[in-house]
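Report on one structure; see the data block that follows.
The values are calculated or read from the model by the stated rules, or taken from the named source; none is laboratory data. The shown structure was predicted, so the numbers you read here are calculated from the model rather than taken from an experiment. Every residue, glycine among them, receives a Cβ derived from its backbone with ideal geometry; neighbour counts consider all protein chains shown. Accessible surface areas use protein heavy atoms only, side chains included; no ligands, DNA or RNA. Shrake-Rupley method; radii C 1.70, N 1.55, O 1.52, S 1.80 Å.
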Amino acid sequence: MGFIEELRSILDNAVKSVEITHALTSGGLDSSIASALARKYNDFKGVVVSLEGKSPDIKYAKILADKIGIKLDLVDVSLEEAIDYVEKTVKILATFDPMEVVNSTVILIVFEHIKSDNGIRVLTGDGGDELFAGYSYMHKMDFKELEEYIAKLPSFWSFSSFKIGESLGLKVFSPYLVDYVVEYALKIPPELKIVKFRDKKIGKYILRIAFEDLIPKEIAWREKHPIEVGSGFNRLYKVLEDLSEGLEFEEVRFWQLDKNRD
């Protein structure tokens, strides 16, 4: 059995014994694969967020929902509501790193909606980008450096969805973070994670070709967009910058936004 067939089998095995009530449905590759696999064993709702109706994710989330046969809830928030959620996110995570706060605010909005809908366990795609080289900064590494870098990630990675879920009493599950999935992903050669096509490097190549028959091709080959871009929440960066100017917060850590990260 080759890497593709084995990866399909391992990820499928990771979801089949887990009861899912809702899924974070951004229409991105990792979460779409997770949802398509889980749909074989569960009937659940997808949830997608937009800021004032301006979200590229809506289109892809609808395509996925139609393909796998799930109900999709669209949560649309105003700029004022988003700012209120930012404050909640900062309190939960105790950070004011712009990227982490904006990304996590999207997750908090999804999870609060799920909580109000009597959700129990939420499916995410956490870990897919880290294990399969989804971030653009990874594409600048040579294969040896990339392999060594990815191998170190599980020792210190952290995903805000778990802390947010815990704060709301929700259980969060990602098949990519199951121990044997992580172990197998680390064995996959970096040459199968990043390939060059038409003078452009493509990450998560093995995931794309392994599951392009299970999810819509528009999603299988969709370009990577950070969650704040797909949801339209990247507009909050300037707002946060303006609101935080000259302010100091106790017991909250600060660091610079990494502009090289997706």
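Here are the numbers:
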item: Relative contact order (percent, whole number), the chain, Cα cutoff 8 Å, 6+ residue spacing; result: 28 percent
item: Cross-link table LYS59/LYS193; LYS196/LYS224; LYS88/LYS171, entries beyond 21 Å C-alpha to C-alpha; result: LYS59/LYS193
item: Most mobile listed residue (VAL75, VAL48, VAL86) in the chain, GNM with C-alpha springs under 10 Å; result: VAL75
item: Sum of side-chain charges, THR25 neighbourhood, beta-carbon under 15 Å (Lys, Arg +1; Asp, Glu -1); result: -1
item: Summed side-chain charge close to LYS40 - residues other than LYS40 whose Cβ falls under 11 Å, Lys, Arg +1, Asp, Glu -1; result: 0
item: For the range 78-169, Kirkwood radius (reciprocal of mean inverse C-alpha pair distance, Å); result: 14.9 Å
item: Taking the C-alpha atoms of the range 106-223, convex hull volume expressed per residue in Å³; result: 127 Å³
item: Among ASP179, ASP199, ASP57: highest mean-square fluctuation, GNM of the chain, C-alpha pairs under 10 Å; result: ASP199
item: Trypsin sites (Lys or Arg not before Pro) within the range 37-146, DSSP loop, no more than 16 other Cβ atoms inside 10 Å; result: LYS40
item: Of SER78, SER17, ILE206, farthest towards positive along the dipole that unit charges on Lys, Arg, Asp, Glu beta carbons give the chain; result: ILE206
item: Electrostatic dipole magnitude of the range 94-157 [Cβ: Lys, Arg +1; Asp, Glu -1; Cα centre; debye, to 20]; result: 140 debye
item: Most mobile listed residue (LEU64, LEU146, LEU108) in the chain, GNM with C-alpha springs under 10 Å; result: LEU146
item: Area accessible to solvent at ILE109, 1.4 Å probe radius, in Å²; result: 0 Å²
item: Debye log10 I(q)/I(0) at q = 0.24 Å⁻¹ for the range 138-188, Cα point scatterers; result: -0.96
item: Accessible area (Å², 1.4 Å probe, nearest 10) - ASP126; result: 30 Å²
item: Total charge dipole magnitude, the chain, about the Cα centre, Cβ charges on Lys, Arg, Asp, Glu only, Debye to nearest 20; result: 980 debye
item: Phi-based couplings in Hz for the range 34-51 (Karplus 6.51, -1.76, 1.60; Gly and Pro marked x); result: 4, 5, 5, 5, 5, 5, 5, 10, 9, 10, 9, 9, x, 9, 10, 10, 9, 9
item: Dipole of the chain [Lys/Arg +1, Asp/Glu -1 at C-beta], most positive-end residue of PRO98, SER160, SER50; result: SER50
item: Dimensionless Rg ratio for the chain, taking C-alpha atoms and the 2.2 N^0.38 Å reference; result: 0.98
item: For the chain, calculated [θ]222 nm from helices alone, where every DSSP H run of n ≥ 4 adds -39500 (n - 2.57); result: -14000 deg cm²/dmol
item: Three-way shape label, the range 1-157, alpha-carbon gyration tensor, a/c 1.5; result: oblate
